[in-house]
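Step one of this worksheet: look at the structure below.
The values are calculated or read from the model by the stated rules, or taken from the named source; none is laboratory data. As the structure is a computational prediction, the values presented were derived from the model and not from experiment. Glycine also receives a Cβ, built like all others from the backbone with ideal geometry; neighbour counts cover every protein chain displayed.
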Amino acid sequence: MQEHNNRVLHIENLSFGYKNSKTLYENLSLHVDIGEVLCILGASGSGKSTLFELITKNLAPTKGSIQSSKISQIFQDPYTSFHPTYSIKNQIEDITTLEGYKEICKDLELDVKLLEKKPHELSGGQLQRCSILRALLMKPKLLLADEPTSALDNVTQLEVMKLLVKFLDRVGILLITHDEHLANWCSDRIIYLDALDSTYM
């Protein structure tokens with residue numbers, strides 16, 4: 001997408017604000033490469049999730065440009081990101097193939113038999129592993145992780161993040177969170193969105 005072969009997201013001079021509301025971004029620039037975690041850190045209402053909406057083109061910027069490679073997402077609450085009435089495996093097959101799933105399950109320390117179950121039959125940690133599996137089977141270059149551990153207990157949060165960063169050989173990760181400790185632990189770079197008023201590269 002540009003001269004950086006490993007670059008999977010490039011945002012340049014992005015500005016955006018909702019109608020009759022404050023400007024959330026003014027001339028925001030950032031990039032993500034394969035092999036790194038960039039964290040967007042900020043309180044509720046600071047525009048973290050809006051940035052994902054702009055990257056996935058659900059919203060249009062006021063000005064500026066966004067270029068990205070293939071994207072997949074991991075959402076905050078694993079129980080609401082799966083349909084409750086049929087199996088995890090069937091839901092994954094609805095959107096992508098299962099090619100290579102056993103190897104990814106092994107890396108995620110996820111028993112493949114759990115894929116035959118319905119979401120309510122799994123723990124939060126198990127189900128978020130299934131969310132990561134689903135996202136990776138889509139073969140993205142950029143992984144958008146929206147508070148992916150906030151619905152989990154502290155021990156499971158760390159376990160899931162340790163598993164997620166195993167895949168940095170194939171993806172770049174843009175992580176949004178309000179958890180400064182998590183951001184400091186796993187990120188190569190951090191953007192503090194509340195204080196952001198210009199450029200961060």
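Structural remarks
- Residue within the stretch 33-50 that is surrounded by fewer than 15 Cβ atoms within 10 Å (Cβ to Cβ) and assigned to a strand (DSSP E or B) present: no
- Answer residue from the stretch 51-68, given it is small (Gly, Ala, Ser) and surrounded by 13 or more Cβ atoms within 10 Å (Cβ to Cβ) and is nearest to residue 173 (Cα to Cα) among those: 68
- Which listed residue is surrounded by fewer than 18 Cβ atoms within 10 Å (Cβ to Cβ), hydroxyl-bearing (Ser, Thr, Tyr) and either free of Cβ contacts under 8 Å to residues at least 60 places away in the same chain or in contact with a strand residue (DSSP E or B) (Cβ under 7 Å, 6 or more places away or on another chain) (or both), from 131, 123, 81: 123
- Residue ID - surrounded by the most Cβ atoms within 10 Å (Cβ to Cβ), chosen from residues in the stretch 18-32 that are over 21 Å from residue 184 (Cβ atoms) and of a type in the set (A, V, I, L, M, F, W, C): 28
- Applying the set (1) assigned to a strand (DSSP E or B); (2) modelled with pLDDT of 95 or more to residue 24 leaves exactly one unmet item: (2).
- Subset of the stretch 1-21 [closer than 23 Å to residue 139 by Cβ and at pLDDT 90 or above]: 6, 7, 8, 9, 10, 11
- Qualifying residue in the stretch 54-65 (condition: closer than 24 Å to residue 180 by Cβ and in contact (Cβ under 8 Å) with a residue 12 or more places away in the chain): yes
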